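Below: the structure, in structure tokens.
The values are calculated or read from the model by the stated rules, or taken from the named source; none is laboratory data. Note that the coordinates shown come from a computational prediction; the quantities given were computed from them, not determined experimentally. Methodologically, a virtual Cβ is constructed for each residue, glycine included, from the backbone with ideal geometry; neighbour enumeration extends over all protein chains shown. All accessible areas refer to the heavy atoms of the entire protein, side chains included, with ligands and DNA or RNA removed. Shrake-Rupley method; radii C 1.70, N 1.55, O 1.52, S 1.80 Å.
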Amino acid sequence: MDGGGLQPDTGEITLLLTRWQNGEDAVFEQLMPLVYPHLRQVAAAYIRRERNPDLLQATALVHELYLKLLNQKKVAYQDRRHFYTFAAKVMRMILIDHARSNQAQMRGGGSVHVPLSEELSWVEVGSDELLELNRALDELNAIDPYKVQLVELRYFLGCTAEETAALVQSSKATIDREMRFIKSWLYRRLHPDSAEPSE
């Protein structure tokens with residue numbers, strides 16, 4: 001998935017987050033134009049691969065994320081990194097809720113076929129696999145929350161390896177190595193009786 005380009009770390013996002021948390025509600029309207037383009041591109045990437053776009057709309061997905069972020073004033077965003085990390089977690093929750101709703105409405109057939117990511121082509125948005133992935137991530141979180149954070153940034157928020165490395169203050173090589181391990185672990189967890197797909 002194309003990351004869509006996070007805004008450079010100029011300090012503006014951090015400053016606006018601080019002002020917003022200090023009670024300047026109107027500041028959130030200045031913050032969203034800085035982060036909206038990336039969030040919109042992430043959502044649009046899901047829609048481009050979907051067979052029935054009416055079931056999951058990019059604008060609706062971003063607006064749901066927007067509203068959830070707007071209602072999270074109690075979260076103490078420390079900086080831009082923390083904001084995007086939290087946004088990734090919220091996007092995961094929204095997609096999991098969508099999958100649960102989709103499964104309840106479409107048991108047995110006609111489900112949506114949208115890969116969560118080109119790198120996780122075996123996990124589709126709106127599918128039982130996504131719900132299984134969510135359970136596996138909860139298990140992984142109990143062992144290594146950092147790895148779950150990487151998955152959320154890369155696959156749920158659509159960050160590139162470079163953007164993820166910058167957000168978690170690591171190197172791209174380290175992120176690539178971690179993601180190879182995580183993908184392998186997740187595949188084995190979700191498909192214990194299958195051979196791992198080749199890269």
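Output the residues belonging to region 124-144 that are open to solvent by less than 30 Å² (accessible area, probe 1.4 Å), within 15 Å of the chain's Cα centre (by Cα) and either of a type in the set (S, T, Y) or modelled with pLDDT under 75 (or both).
Listed by number, the residues that qualify are V125, G126.
Which residue out of E152, E162 is modelled with pLDDT under 95 and either open to solvent by 10 Å² or more (accessible area, probe 1.4 Å) or of a type in the set (S, T, Y) (or both)?
Checking each option against the conditions leaves just E162.
Within region 102-123, can one find any residue that is part of a helix (DSSP H, G or I), modelled with pLDDT of 80 or more and surrounded by fewer than 21 Cβ atoms within 10 Å (Cβ to Cβ)?
Looking through region 102-123, none of the residues is part of a helix (DSSP H, G or I), modelled with pLDDT of 80 or more and surrounded by fewer than 21 Cβ atoms within 10 Å (Cβ to Cβ).
Pull up region 143-199, narrow it to residues that are among the polar types (S, T, N, Q), part of a helix (DSSP H, G or I) and out of contact with any Asp or Glu (no Cβ under 8 Å at 6 or more places or on another chain), then point me to the one that is nearest to R40 (Cα to Cα). If you could, list the steps in order and put the result at the bottom.
Step one: list which residues in region 143-199 are among the polar types (S, T, N, Q), which gives 149, 160, 164, 169-171, 174, 184, 194, 198.
Narrowing further to those that are part of a helix (DSSP H, G or I): 149, 164, 174, 184.
Checking the rest, the ones that are also out of contact with any Asp or Glu (no Cβ under 8 Å at 6 or more places or on another chain) come to 149, 164, 174.
Working: Q149: 20, T164: 18, T174: 28 Å.
Looking at the filtered set, the residue picked out is T164.
Residue-wise test of (1) more than 17 Å from H82 (Cβ to Cβ); (2) surrounded by fewer than 16 Cβ atoms within 10 Å (Cβ to Cβ); (3) modelled with pLDDT under 70.
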{"position": "D9", "(1), (2), (3)": "no, yes, yes"}
{"position": "V27", "(1), (2), (3)": "no, no, no"}
{"position": "A44", "(1), (2), (3)": "yes, no, no"}
{"position": "R48", "(1), (2), (3)": "yes, yes, yes"}
{"position": "P53", "(1), (2), (3)": "yes, yes, yes"}
{"position": "L56", "(1), (2), (3)": "yes, no, yes"}
{"position": "T59", "(1), (2), (3)": "yes, yes, no"}
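For the structure I just gave you, tell me whether L70 is closer than 24 Å to Q149 by Cβ, modelled with pLDDT of 80 or more and among the hydrophobic types (A, V, I, L, M, F, W, C).
Answer is no for this residue.
Within the set of pairs 6+ apart or on separate chains, which have a first residue in region 134-147 that is at negative phi, a second that is of a type outside the set (S, T, N, Q) and open to solvent by less than 20 Å² (accessible area, probe 1.4 Å), and C-beta atoms under 7 Å apart?
N134/I96; A136/L186; L137/V148; L137/V151; L140/V148; N141/V148; K147/L140; K147/I182
Return a yes/no flag: does region 76-94 have any residue that is crowded, with 18+ Cβ neighbours inside 10 Å, modelled with pLDDT under 75 and in a helix (DSSP H, G or I).
The answer is no, given that none of the residues of region 76-94 is crowded, with 18+ Cβ neighbours inside 10 Å, modelled with pLDDT under 75 and in a helix (DSSP H, G or I).
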